[in-house]
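Have a look at the structure below, then the notes.
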Amino acid sequence: MKGFIARLAKIQRQASLHITGALRSAPTGAIDACVDILPFPLLIERIVFQATSWLVTLPQLQPLGMLIITDHLHMKCYML
């Protein structure tokens, strides 16, 4: 998974370079700030957080909601 994220981060960097017209030697963080894009690892973390928040707030009667509740109870057994 890390290799896949690294490839996507490289693509994001190339896109940011093309958008800004910056040189390849420019730091990625500075280019992302100019383009107003989150660094790719933070972007992935934000998307995962949003998806998790959405799943957790589903009603219990919804089929995915029931799966989340049973998985949550299953995880509690391992945490004890």
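The values are calculated or read from the model by the stated rules, or taken from the named source; none is laboratory data. All of these numbers come straight from a predicted model, not from anything done at the bench. All Cβ positions, even for glycine, are placed from backbone atoms using ideal geometry, and neighbour counts span all protein chains on display.
Quick look at the numbers
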| read-out | value |
| --- | --- |
| Scan of segment 32-80 for residues that are at pLDDT 70 or above and surrounded by fewer than 10 Cβ atoms within 10 Å (Cβ to Cβ), ordered by number | ASP36, SER53, THR57, PRO59, GLN60, LEU61, PRO63 |
| Hey, ALA15 part of a helix (DSSP H, G or I) and either over 17 Å from the mean Cα position of the chain (by Cα) or surrounded by fewer than 11 Cβ atoms within 10 Å (Cβ to Cβ) (or both) or not | yes |
